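The block underneath contains the structure these notes are about, expressed in structure tokens.
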Amino acid sequence: MNHDTICALATANGIGAIGIIRISGDDAIPVSAKIFDGKNLEKAQSHTVHYGFIKDGDEVIDEVMISVFKAPKTFTAEDSVEISFHGSPHIAKKILEVLIKNGARMAKAGEFTMRAFMNGRIDLSQAESIADLIASENEASRKVALNQLKGGITNEISFLRTDLLNFVSLIELELDFAEEDVEFADRSALNQLLDKIEAKLNSLIESFQYGNAIKNGTAVAIIGKPNAGKSTLLNALLKEERAIVSNIAGTTRDTIEEILHIKGHAFRLIDTAGLRETADEIEAIGVKKAKEKVENANILVYLADAATENFSEDIEMIKSLQRDDLKLIICATKIDEVSPTQYELVENIFRKKIPQDFDFITISAVENQNMQDLKDELSSYVEQLKSEESNVVITNQRHFEALGKSLDAVNKVKEAITFQISTELLAYELRNALEHLGEISGEVTNDEVLGNIFSKFCIGK
Ligand code: GDP
């Protein structure tokens, strides 16, 4: 394997108290030693830190601390060095230049992690989880990525794959004794194993919906007629005056997608910008606009002003937006202005006219009444996506696709057994299933897939 020495800035590119440059490869230590004025790094013990200066010939570039890590107990499983310097982008550039002058080369995107994978220190799903961990912005995504880094998905699958591999060996043995018509592989035991694998795959595939909610947040559309209280609710939820509230319809012109965090989960409030249209627009393109907003939403929060008399337009709007996979929450707003009898009446009207199952909540954003009910309702949506059977959650599209293909392959094997097709074909289908199962951990892979995964990493990772 190519162990040329690579270097890159590992910290964010900008000004900071400290910046770190990482070097890895066969010559990581001698190359660093050449530019370091301090202890002889080639004689340093592994996992030690040394004070000194980085020099380009006679010119001192910076005062630094250098950490030395010797293979194999390093991130890449190669000799590695980390230089902690004063965090200026200019110094970083000069140190990288002098490293390159002395025999290192700039690392490509994700190359450190790719080496960790290539050198067998981590499997592919763990490598991917490093990218997820760095990108995590909330508790739930951090926990899921960390679990995956510890080998979560691979652990769930690898022992089933090993059992399947044993069957493949037995089936292939049968092929060697084809003349004698013997069965080494117990078909009913194989079927049982396939059922087990199928159940596991199904539960992992199902967890993707939750995984998606964790990774990308849950999309929430807030819809309602002008003056229903959308901006006020939004402000109350976000507790900051981002959207401009007024009783003149059409003042909200902010185009930011707001993120709301509830119990460690992210909710993306869709297109709060277009929250308000002018009255003309509402009549002309109201439904069309609302439909666009709801298109990619998981949850529709429909606001209806409890103080109004007629809800027929609201009902029409909700009916035209209805979709099986859209959770509907109808929210009667401004309840501080009406009596409980009135909003009970409002609920009855909606219950009578809307066939779809929905949650009904009454709120006053101005007086901060029942706001928690709405938050609980949003968070219960995410909670119910959680699988009870498995702690492992799929968040990665590639894993999701590989699991789907594995499931298809497993079903083909089952069919092959049911229809008692030839042992050759059965062996072929089994190999196919094994291959797909191996794609997740990277036991089976190709350069294109690897290139695709690691190119999405940033340089220095
Ligand atoms: P939007 O057009 O749906 O965004 O509605 P706004 O949030 O701008 O609210 C329209 C008007 O209703 C404003 O004057 C708000 O102060 C008022 N409003 C909104 N929510 C409440 C509420 O919970 N109680 C009361 N009393 N007034 C509210």
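The values are calculated or read from the model by the stated rules, or taken from the named source; none is laboratory data. Predicted, not measured: the structure shown is a model, and the values here were computed from it. Because the Cβ atoms are built from the backbone with ideal geometry, glycine has one as well, and the counts that use them run over all protein chains shown. Just so you know, the surface numbers come from the protein's heavy atoms only, side chains and all, with ligands and any DNA or RNA stripped out. Shrake-Rupley method; radii C 1.70, N 1.55, O 1.52, S 1.80 Å.
For the pair residue 178 and residue 263, label points projected 7 Å from Cα toward Cβ lie 5.9 nm apart. Looking only at the stretch 104-119, which residues have a backbone nitrogen under 13 Å from a spot 7 Å from the Cα of residue 134 in the C-beta direction? Taking a point 7 Å out along Cα→Cβ of residue 134, the residues of the stretch 104-119 whose backbone N falls under 13 Å are 107-116. Expressed as a whole number of Å, what is the distance separating the alpha-carbon centroids of the stretch 133-164 and the stretch 78-97? Distance between centres, Cα-based: 32 Å. Label sites at residue 203 and residue 324, each approximated as a point 7 angstrom past Cα along Cα to Cβ, lie 2.6 nm apart. Working from label points 7 Å from Cα in the Cα-to-Cβ sense, the residue 106 to residue 37 distance is 2.7 nm. Around the Cα centre of the stretch 158-236, unit charges on the Cβ atoms of Lys, Arg, Asp and Glu (plus for the first two, minus for the last two) sum to a dipole of about 1540 debye. In straight-distance terms, cross-link reach from residue 414 covers every one of the lysines whose alpha-carbon lies under 27 Å from its own, apart from those fewer than eight places away in the same chain; here that gives 196, 200, 405.
Distance from the Cα centroid of the stretch 38-75 to that of the stretch 341-381 is 63 Å (rounded to whole angstrom). Report, to the nearest 10°, how far helix 152-176 tilts away from the longest principal axis of the Cα atoms in the chain, using its own Cα long axis and a range of 0 to 90°. Rounded to the nearest ten degrees, it is 60.
Could you calculate the FRET efficiency of residue 47 with residue 3 from 1/(1 + (r/R0)^6), where r is the beta carbon distance between them and R0 is 25 Å, rounded to 0.05? Using R0 = 25 Å, I get an efficiency of 0.80.
Near residue 459, the amide H atoms lying under 5 Å from its own belong to 110; only residues 5 or more places off or on other chains count, and H is placed 1.01 Å from N. The candidates 331, 458, arranged from most to least accessible area with a 1.4 Å probe in the full protein assembly, appear as 458, 331. The stretch between residue 353 and residue 147, if pulled fully straight at 0.36 nm per residue, gains 69.6 nm over its current Cα-Cα span.
The charge dipole of the chain, taken about the Cα centre with unit charges on the Cβ atoms of Lys, Arg (+1) and Asp, Glu (-1), comes to about 1480 debye, rounded to the nearest 20. Helical runs assigned H by DSSP (4 residues or longer) give the chain a calculated mean residue ellipticity at 222 nm of -15500 deg cm²/dmol, each run adding -39500 (n - 2.57) before division by the residue total. Between helix 397-418 and the chain, what is the angle of the helix's C-alpha long axis to the longest principal axis, kept within 0 to 90° and rounded to the nearest 10? Approximately 90 degrees, to the nearest 10.
Would you kindly state the longest site-free stretch of the chain, with sites defined as chymotrypsin sites (Phe, Trp or Tyr not before Pro) in a DSSP loop (not H, G, I, E, B) surrounded by at most 16 other Cβ atoms within 10 Å? In short, 185-418.
On the basis of the beta-carbon distance and an R0 of 41 Å, residue 379 and residue 408 show a calculated FRET efficiency of 0.75.
Bridges between two residues of the chain, per DSSP, are antiparallel at a rate of about 60%. Which links in 215/289; 73/108; 230/289; 230/327; 291/456 stretch past 25 Å when you go from one Cα to the other? Pairs exceeding the cut-off: 215/289; 291/456. Legend: calculated FRET efficiency, residue 425 to residue 55, from the Cβ-Cβ distance at R0 = 51 Å, rounded to 0.05, equals 0.15. Each of 127, 85, 270 was placed along the dipole of the chain (beta-carbon charges, centred on the mean Cα), and the one lying farthest toward the positive end is 85. Annotation: the antiparallel percentage among DSSP beta bridges lying fully within the stretch 285-427 is about 10. Projecting the Cα positions of 14, 361, 406 onto the charge dipole of the chain (unit charges on Cβ atoms of Lys, Arg, Asp and Glu, taken about the Cα centre) puts 14 furthest along the positive direction.
For the chain, the share of alpha carbon pairs falling in successive 10 Å distance bins from zero is 4, 16, 18, 16, 17, 15, 9, 3, 0 percent. For residue 30, the shell of other residues with beta-carbons less than 10 Å away shows a net charge of -3, using +1 for Lys and Arg and -1 for Asp and Glu. Placing unit charges on the Cβ atoms only, positive for Lys and Arg and negative for Asp and Glu, gives the stretch 301-343 a dipole magnitude near 180 debye about its Cα centre.
Compute the Cα gyration tensor for the stretch 1-48, then decide on rounded, prolate or oblate, letting a ≥ b ≥ c be the square roots of its eigenvalues: rounded whenever a/c is under 1.5, prolate when a/b is larger than b/c in the other cases, and oblate in all that remain.
Oblate shape, in that a/c is at least 1.5 and b/c is the bigger or equal ratio.
In the full protein context, the chain carries 50 Å² of accessible surface per residue, based on a 1.4 Å probe and ignoring ligands, DNA and RNA. Sorted largest first, the spans of the alpha carbon positions of the stretch 376-457 along the three principal axes are 55, 35, 15 Å.
Shown for the chain: the carbon plus sulfur share of the solvent-accessible area, taken with all protein chains present and a 1.4 angstrom probe, equals 49%. Excluding the site residues themselves, the longest part of the chain lacking any GluC sites (Glu not before Pro) in a DSSP loop with at most 16 other Cβ atoms within 10 Å is 1-136. Out of 420, 454, 66, whose Cα points farthest toward the positive end of the dipole of the chain (charges: +1 Lys, Arg; -1 Asp, Glu; placed on Cβ)? In the chain, that residue is 66. The shape of the stretch 87-137 comes out oblate: with a ≥ b ≥ c from the C-alpha gyration tensor, a/c is at least 1.5 while a/b does not beat b/c.
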